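Report on the following structure.
The values are calculated or read from the model by the stated rules, or taken from the named source; none is laboratory data. Keep in mind that this is a model prediction, so the values were computed, not measured. So basically every Cβ, Gly included, is an ideal-geometry build from the backbone, and we count neighbours across all protein chains shown.
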Amino acid sequence: MNLTIHIDILFYALFITLLLEGAILILFKIRTHSIWITFLLVNSITNLSMNILLKNLHPYLVWLLVLEVIIIGMEGIVYTWTMKSISKGFVISLVCNVTSLLGGYVINTLLLGGMI
């Protein structure tokens, strides 16, 4: 099992995720500081953890989708707790994570030639 992780790539992926999902929060007109702090903390934990796990899980695509579904659920619960709205928490989690998944795919595959 290869546990070599490039820290720069991990933080690049986190930065892209925060940028894309932050844009979604802006589109949803989220202005509450506690939600933004929750967003930063939860995404830092889930994104870094997922990318470290994915380094050693195969087949990659299957595990990526499994972990994304788990993360959508986890983040949906946290956002629901923070926003006091079940539907809004899960909708935001779903839209944010699908956006960052597709955005990451486009950046990685089409722009960087699959380097990450």
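Quick check on Gly104: is it at pLDDT below 95, surrounded by 13 or more Cβ atoms within 10 Å (Cβ to Cβ), assigned to a helix (DSSP H, G or I) and in contact with a helix residue (DSSP H, G or I) (Cβ under 9 Å, 6 or more places away or on another chain)?
yes
Would you check if Ser87 is surrounded by 15 or more Cβ atoms within 10 Å (Cβ to Cβ), of a type outside the set (Asp, Glu) and modelled with pLDDT of 90 or more?
no
Give the stretch 9-22 a look and list any residue that's in contact (Cβ under 8 Å) with a residue 24 or more places away in the chain and among the aliphatic types (A, V, I, L, M), or say none.
Correct list: Ile9, Leu10, Ala13, Leu14, Ile16, Leu18, Leu20.
Test Val62 against the criterion of being more than 16 Å from Ile16 (Cα to Cα) and either without any contact (Cβ under 8 Å) to a residue 24 or more places away in the chain or touching a Gly at 6+ places or on another chain (Cβ under 6 Å) (or both), and give yes or no.
yes
Which count do you get for residues in the stretch 73-94 that are touching a helix residue (DSSP H, G or I) at 6+ places or on another chain (Cβ under 6 Å), closer than 18 Å to Met50 by Cα and not hydroxyl-bearing (Ser, Thr, Tyr)? Break it down stepwise before answering.
Going residue by residue through the stretch 73-94, those that are touching a helix residue (DSSP H, G or I) at 6+ places or on another chain (Cβ under 6 Å) are 75-76, 78-80, 82-83, 86, 89-90, 92-94.
Retained after the next criterion (residues that are closer than 18 Å to Met50 by Cα): 75-76, 78, 93-94.
Cutting the leftovers down to not hydroxyl-bearing (Ser, Thr, Tyr) gives us 75-76, 78, 94.
Residues flagged as touching a helix residue (DSSP H, G or I) at 6+ places or on another chain (Cβ under 6 Å), closer than 18 Å to Met50 by Cα and not hydroxyl-bearing (Ser, Thr, Tyr) within the stretch 73-94 amount to 4.
Mind telling me which of the residues Leu64, Leu94, Leu20 ends up being over 17 Å from Asn108 (Cβ atoms) and either modelled with pLDDT under 95 or surrounded by 11 or more Cβ atoms within 10 Å (Cβ to Cβ) (or both)?
Only one candidate qualifies: Leu94.
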